[in-house]
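Right, one structure below, let's go through it.
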Amino acid sequence: VLNASLFMPMAQKCGLVTPIDRYVLNRLFELFDQDINSPVRCSVNVHVESLLNLEFKQWLINHLTIHAHHAERLIIEISEHAIVTHSEELENILFQLDRLNVRLLIDQVGQYVLNSSYLKQHPVSYLKLHSSIVRNINLRSENQLFIRSLQGTCAGSNIKIFAFGLETEAEWQVIKQLHLAGAQGHYFNQPEANLLTK
């Protein structure tokens with residue numbers, strides 16, 4: 001079993017990223033159909049290469065147009081670096097997804113010092129802070145200042161900011177004081193030591 005951060009770069013080198021993204025989305029849509037009464041949205045990381053692929057885009061928009069109930073539960077997650085680097089190229093597909101009621105989550109926020117103009121250009125609903133911003137945030141006032149600045153940039157919008165990589169109670173207390181929408185990390189759920197297979 002390989003971590004996605006190791007597996008996906010290898011898959012990209014082999015030209016398999018887009019087929020994998022399509023497979024993952026199809027599996028998620030099957031789960032939506034098995035759980036038709038749930039209003040819960042699910043976030044899926046989709047590689048920018050897929051979102052720039054014409055065939056993939058046509059398949060995704062056609063599917064979500066026909067199956068509106070899938071669109072209403074889908075959150076597409078892409079990295080901050082990808083949306084900044086490919087901002088113009090992504091504009092049309094992200095606009096189409098937004099019209100279908102798909103939500104957009106930007107992850108790895110703050111990993112690099114980047115221009116935040118994408119927040120005004122694209123229909124962003126959620127931001128997920130990179131773990132380097134969250135790690136030891138109780139001891140790093142500059143990271144707290146970064147989050148407050150980001151909150152100021154998002155003021156007047158409905159963008160919700162989440163922390164990623166939360167490890168300690170001290171970090172959690174600061175995240176709560178900063179009034180973020182939520183957090184994710186080992187502090188809440190430790191990884192399984194062993195994976196069970198059939």
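The values are calculated or read from the model by the stated rules, or taken from the named source; none is laboratory data. Given the structure is predicted, the values throughout are model-derived calculations rather than measurements. All Cβ positions, even for glycine, are placed from backbone atoms using ideal geometry, and neighbour counts span all protein chains on display. For accessibility, only protein heavy atoms count, side chains too; no ligands or nucleic acids. Shrake-Rupley method; radii C 1.70, N 1.55, O 1.52, S 1.80 Å.
Worth pointing out:
- Residue pairs whose Cβ atoms lie under 6 Å apart, separated by 6 or more positions or on different chains, with the first residue in region 1-23 and in contact (Cβ under 8 Å) with a residue 12 or more places away in the chain and the second acidic (Asp, Glu), are Val17/Glu49.
- Among residues of region 139-176 being open to solvent by 60 Å² or more (accessible area, probe 1.4 Å) and of a type in the set (S, T, N, Q), the one that is nearest to the chain's Cα centre (by Cα) is Asn158.
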